[in-house]
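J.: Could you have a look at this structure, given as structure tokens, before my questions?
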Amino acid sequence: MSHAAPPHTEIAPARATRREWTALAVIALPCLVYAMDLTVLNLALPAISANLRPSASELLWIVDIYGFMVAGLLITMGTLGDKIGRRRLLMIGAAAFAAASVAAALSTTATALIATRALLGVAGATLAPSTLSLISNMFRDERQRRVAIGIWISSYSVGSAIGPLVGGVVLQYFAWPAIFWAAVPVMLLLLAVGPFLLPEYRDRDAGRLDLGSVALSLGAVLAGVFALKQAAEGHLGLLTGVAALSGLAAGIAFVRRQRRIAYPLLDLALFAQPRFAAAICTYALTSFAMFGVYIFISQYLQLVLGLSPLVAGICTVPWALSFVLGSMLTPVLAQRWSASNTMIGGLVVAASGFAVTSLLDGSHGLAALIVGMTLMGIGMAPVFTLGNDIVIGSAPPERAGAASALSETSSELSGALGIAVFGSMATGLYRAGMGGQLPAGLPSASVEQAATLGGALTLADSLPAPLAESLRLAARTTFVDGLQTATVLGTLIMVGSALMAWRMLRPPSGPGLPAPVAPPR
């Protein structure tokens, strides 16, 4: 007598407990510090320049080397975390970050500060992939995971927002090394409680870390980011071309190597999944547009509207708060409307934010900017939150670190590309718009100085009153024209991203259903 097989019942993933939520709060702290470290240094540059007397090149490297090392090592650190354990890598990174912060605070030469900032970048590269992959393992329930990723994203937003404010307060009462000392207690707290609260996860079948892939990925990203930054600053000479070609060659060699080796640093098979590819592309395009426009905001607030640095910083707080609000609302909206529809809706809202920002040439320019930036933050938050959720949900659990690192790397690279493309476009438009508006008889050095908004305003201070006011008006008007063009381009990119997401991110049949997960290997 035959018996019918019992119906298949899908077992719901275990829900996170208070322990996991407490652990999330712990790992959000270093992410906040990491974001602060990207912004707080800018305020200390005058004091560092006066104390260490770096050359112009050294000062540039003090600022840039941290981001270079983070971007270049994210993929390597993600894969390394899968191999040796994500908690272990996070603890190593936290200890290294604290030690490098102490070394940076004690630096007495520009060379020493550059070296310690590079070490901070190496340590910082462990934070994002380790924390995000830990979240993917601690929060197996989809709804809880989205909330956790929303909090994780918010920690970066809060860090970026309060970085200038905290830096201003610290520098008001202490010398510049204090901005590095501030990170030490946070990392020590993580080292103290992390081993007790954070679980350990690793890929037990991981192969040997391929050092050739590490070198190629580092070379591709470092050369590429360097070329993009050079292009954004208007340096389009031989050095920039060589760096771009070197980065491209290293990137091609890296991809080919990943197809040959048994344990690749980057699993290219993930891109065969439409949801994964759409999430990565949408995330990248959003970062491209956001960073491309954001570089103009501080100049507009201070050089066009004439606001003080403190007031200008306060004006950017609504953008960060709206990002936090959007991140917290995303899980609720995704449960009600599906992840796909929420991402598409977010892109539409972000597009409207870019469009509103394009209206900043009138008497209500500041209001248009704040409203537009707020809409951008609310609309982009679902892309960042659900994009990361789809990326790590599409990867096998044992490769979550590598997948999360790929997500962060795409954001870093597209952000740098956005700065270069938007910056170059705005510079070209500014130069063209200023043609013929400079007073006759200026020496060539003064004409070159007026090729930027800040330079033109400085030049105006040395001219007779009527000419000075005419030059200021022309420079500010031309700059705003370039900013408006950038916001229109950002609007088109967001609309295009929404259309791409609509085609590639097929909504589930019902609200709240999980995204397809790659089959185990």
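The values are calculated or read from the model by the stated rules, or taken from the named source; none is laboratory data. Note that the coordinates shown come from a computational prediction; the quantities given were computed from them, not determined experimentally. For neighbour counting, all protein chains shown are included, and Cβ atoms are generated from backbone atoms with ideal geometry for every residue, glycine included.
J.: Only one of Leu74, Leu113, Leu89, Leu120 is under 17 Å from Pro397 (Cβ atoms), in contact (Cβ under 8 Å) with a residue 12 or more places away in the chain and surrounded by 21 or more Cβ atoms within 10 Å (Cβ to Cβ); which?
T.: Going through Leu74, Leu113, Leu89, Leu120 in turn, the sole match is Leu89.
J.: Still on this structure, I have one more. Kindly establish whether Leu386 is assigned to a loop (DSSP other than H, G, I, E, B), in contact with a Gly (Cβ under 9 Å, 6 or more places away or on another chain) and modelled with pLDDT of 75 or more. Steps first, please.
T.: Details: assigned to a loop (DSSP other than H, G, I, E, B): no; in contact with a Gly (Cβ under 9 Å, 6 or more places away or on another chain): yes; modelled with pLDDT of 75 or more: yes.
Here the answer is no, as Leu386 does not meet what is asked.
J.: With of a type outside the set (Val, Ile, Thr), touching a helix residue (DSSP H, G or I) at 6+ places or on another chain (Cβ under 9 Å), assigned to a helix (DSSP H, G or I) and buried (at least 24 other Cβ atoms within 10 Å of the Cβ) as the only criterion, which of Ala103, Ala95, Ala148 stands out?
T.: Details: Ala103 fails: buried (at least 24 other Cβ atoms within 10 Å of the Cβ); Ala95 fails: buried (at least 24 other Cβ atoms within 10 Å of the Cβ).
The unique qualifying residue is Ala148.
J.: Separate question: Output the number of the condition that Leu303 fails; it satisfies all remaining conditions of (1) at pLDDT below 90; (2) over 17 Å from Arg476 (Cβ atoms).
T.: It fails just one condition, (2).
J.: With a cut-off of at least 1 residues that are at pLDDT 80 or above, under 31 Å from the mean Cα position of the chain (by Cα) and assigned by TED's automatic domain parsing to the domain that holds Gln335, name the helices (runs of 4 or more DSSP H) lying wholly within region 410-521.
T.: Helices (runs of 4 or more DSSP H) meeting the threshold: 453-460, 465-504.
J.: So if I check each of Leu329, Leu366, Leu333, Leu325, which one is assigned to a helix (DSSP H, G or I) and more than 26 Å from Cys281 (Cα to Cα)?
T.: From the options Leu329, Leu366, Leu333, Leu325, the qualifying one is Leu366.
Each row is one residue, and each column tells you yes or no for (1) among the polar types (S, T, N, Q); (2) within 21 Å of the chain's Cα centre (by Cα).
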{"site": "Met91", "(1), (2)": "no, no"}
{"site": "Ile114", "(1), (2)": "no, no"}
{"site": "Asn137", "(1), (2)": "yes, no"}
{"site": "Tyr156", "(1), (2)": "no, yes"}
{"site": "Gln172", "(1), (2)": "yes, no"}
{"site": "Trp181", "(1), (2)": "no, no"}
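J.: Would you list the helices (runs of 4 or more DSSP H) that sit entirely within region 176-280 and hold 3 or more residues that are β-branched (Val, Ile, Thr)?
T.: The helices (runs of 4 or more DSSP H) meeting that bar are 183-197, 211-232, 238-260.
J.: Turning to a different aspect of this structure: Among what's in region 384-410 and is polar (S, T, N, Q) and surrounded by fewer than 24 Cβ atoms within 10 Å (Cβ to Cβ), pick the residue that is nearest to Thr330 (Cα to Cα).
T.: Among residues in region 384-410 that are polar (S, T, N, Q) and surrounded by fewer than 24 Cβ atoms within 10 Å (Cβ to Cβ), the one nearest to Thr330 (Cα to Cα) is Ser394.
J.: If you check Val63 against the conditions, is it under 19 Å from Phe291 (Cα atoms), assigned to a helix (DSSP H, G or I) and free of Cβ contacts under 8 Å to residues at least 24 places away in the same chain?
T.: yes
J.: Filtering region 12-61 down to residues that are at pLDDT 80 or above and among the charged types (D, E, K, R), which residue is farthest from Arg88 (Cα to Cα)?
T.: Among residues in region 12-61 that are at pLDDT 80 or above and among the charged types (D, E, K, R), the one farthest from Arg88 (Cα to Cα) is Arg53.
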